[in-house]
Amino acid sequence: MKIDTSKLTDLILGGVDSSDYPKFCDAYVESACYKGKRLTFDELDWVNSEHPEIAQENAFESLL
């Protein structure tokens, strides 16, 4: 699967728990767009499996 993760937009995260700060190890990408189209379940699964840092790095911002 070829997705340039730097081009993901409209991220919606799930599993974000402030008590899990700073690791946010339970966070995951629940929804996102790539090139203007929503990712499918399989594409989201790939993003979460191969790039868990995306959810972890964006988790704190989602709490604001």
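The values are calculated or read from the model by the stated rules, or taken from the named source; none is laboratory data. All of these numbers come straight from a predicted model, not from anything done at the bench. We place every Cβ from the backbone using ideal geometry, glycine too, and count neighbours over all the protein chains shown.
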Margin query: If I filter segment 28-64 down to residues being assigned to a strand (DSSP E or B) and not aromatic (F, W, Y), which single residue comes out as nearest to the chain's Cα centre (by Cα)?
Written below: V29
Next item on the list: With respect to D26, determine if the residue is among the charged types (D, E, K, R), surrounded by 11 or more Cβ atoms within 10 Å (Cβ to Cβ) and in contact with a Gly (Cβ under 6 Å, 6 or more places away or on another chain).
Entry: yes
Checklist line | Pairs where the first residue, in segment 1-17, is in contact (Cβ under 8 Å) with a residue 12 or more places away in the chain and of a type in the set (S, T, N, Q) and the second is surrounded by 10 or more Cβ atoms within 10 Å (Cβ to Cβ) and in a helix (DSSP H, G or I), C-beta under 8 Å, 6+ apart | finding: T5/V47; T5/I54
Notebook entry, point to check: Given the conditions (1) in a helix (DSSP H, G or I); (2) in contact with a Cys (Cβ under 7 Å, 6 or more places away or on another chain), and given that T9 satisfies all but one, which numbered condition is not satisfied?
Noted result: (1)
Notebook entry, point to check: Quick one: in segment 6-28, which of the residues that are among the aromatic types (F, W, Y) and in contact with a helix residue (DSSP H, G or I) (Cβ under 6 Å, 6 or more places away or on another chain) is modelled with the lowest pLDDT?
Noted result: F24
Next item on the list: Kindly list the number of the only condition in (1) at pLDDT below 95; (2) of a type in the set (V, I, T); (3) out of contact with any helix residue (DSSP H, G or I) (no Cβ under 7 Å at 6 or more places or on another chain) that fails for I3.
Entry: (3)
Check: Going by the conditions given, is S31 modelled with pLDDT of 95 or more and surrounded by 11 or more Cβ atoms within 10 Å (Cβ to Cβ)?
Finding: yes
Check: Among G36, G15, which is the only one that is surrounded by 12 or more Cβ atoms within 10 Å (Cβ to Cβ) and on the phi > 0 side of the Ramachandran plot?
Finding: G15
